[in-house]
1. Of the conditions (1) in contact with a strand residue (DSSP E or B) (Cβ under 9 Å, 6 or more places away or on another chain); (2) closer than 29 Å to residue 244 by Cβ; (3) outside any loop (DSSP other than H, G, I, E, B), residue 33 clears all except one; give me its number.
2. Failed condition for residue 228, given (1) in contact with a helix residue (DSSP H, G or I) (Cβ under 7 Å, 6 or more places away or on another chain); (2) at pLDDT 95 or above; (3) surrounded by fewer than 23 Cβ atoms within 10 Å (Cβ to Cβ), with all others met?
3. Which of the residues belonging to segment 260-289 are assigned to a loop (DSSP other than H, G, I, E, B) and free of Cβ contacts under 8 Å to residues at least 24 places away in the same chain?
4. Collect the residues in segment 124-159 that are assigned to a helix (DSSP H, G or I), closer than 22 Å to residue 263 by Cβ and either in contact with a helix residue (DSSP H, G or I) (Cβ under 9 Å, 6 or more places away or on another chain) or modelled with pLDDT under 95 (or both), keeping them in residue-number order.
5. Considering 315, 292, which residue is touching a helix residue (DSSP H, G or I) at 6+ places or on another chain (Cβ under 8 Å), over 25 Å from residue 101 (Cα atoms) and part of a loop (DSSP other than H, G, I, E, B)?
6. Filter segment 255-307 down to residues that are modelled with pLDDT under 90 and more than 21 Å from residue 123 (Cα to Cα) and give me whichever is nearest to the chain's Cα centre (by Cα).
7. Out of 280, 287, 301, I need the residue that is touching a helix residue (DSSP H, G or I) at 6+ places or on another chain (Cβ under 8 Å), surrounded by 12 or more Cβ atoms within 10 Å (Cβ to Cβ) and not assigned by TED's automatic domain parsing to the domain that holds residue 241. Which one?
8. Has segment 131-153 got at least one residue that is within 15 Å of the chain's Cα centre (by Cα) and farther than 22 Å from residue 197 by Cβ?
């Protein structure tokens, strides 16, 4: 079971922007700082939880900085908050710093690019259920697809800080090298030593990269890379757990591999979460009922976004 956070830990808070760094073609890392009650709430945020950001009053970038395919959508009003998971959380005394990894894909995230140090933004959170860490497991395998790397980077930090005796291996996939959402360049020597992703290497975690076009690391889907690694290393299923975050097709295949290998698996699902608190009912995930042929719809924002993979009925696509 995924542990549920106390409802008293969340709220509507104001955050100060500390940084908004571009790290790729359309990838950014947004730094936020919380004080007082907000600092205490976000200090307890688990990897896999998320926050809803109010971007309704955030300005658009200059016209020359708007990608051509977003020109028509850019002018739309951003009425609903946007959900983002945490790539890092650091608590120090009465301040808590949070980093959000995001990609410019629509009018909301496009406006985020104009935020700069000193700005303030309204945030609801921390929301949802994060990854649950079973104490009896010895090997933790992190499988990320594209933007799914964010919460797994934070999870890597938590695992290495709180469970120093375990082993962690990460797998990161994208369509191409340019689509990998990492700040640091992939160093050839580091890759040869098994530390392909610097964001994971900083925690002493070995990692492998896969790109669909073969422009970096393994040529092919990250799930193929992951399956090949499992075949070569043959970890004991009872001692191992998989954490996945990324596109649903990737999560579906990850869940299938976990079932084939009899390995426990948790997946972070993605849905349109307009409110983040279960009111709008827009983020339903179909799930199996234990010991039954029946199914039930759970809410990604409240029951998830992290689910046990064996309970999720994935889209057939």
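The values are calculated or read from the model by the stated rules, or taken from the named source; none is laboratory data. Only a predicted model underlies this, so the values are computations on that prediction, with no experimental measurement involved. Don't worry about glycine lacking a Cβ; one is built from the backbone with ideal geometry, like all the others, and counts go over all protein chains shown.
1. (2) is the only condition that residue 33 fails.
2. Just one mismatch for residue 228, condition (1).
3. 272, 279, 280, 281, 282, 283, 289
4. 148, 149, 152, 153, 156
5. Matching residue, one of 315, 292: 315.
6. Ranking the candidates gives 290 first.
7. Residue meeting the stated conditions: 287.
8. Yes, the conditions are met somewhere in segment 131-153.
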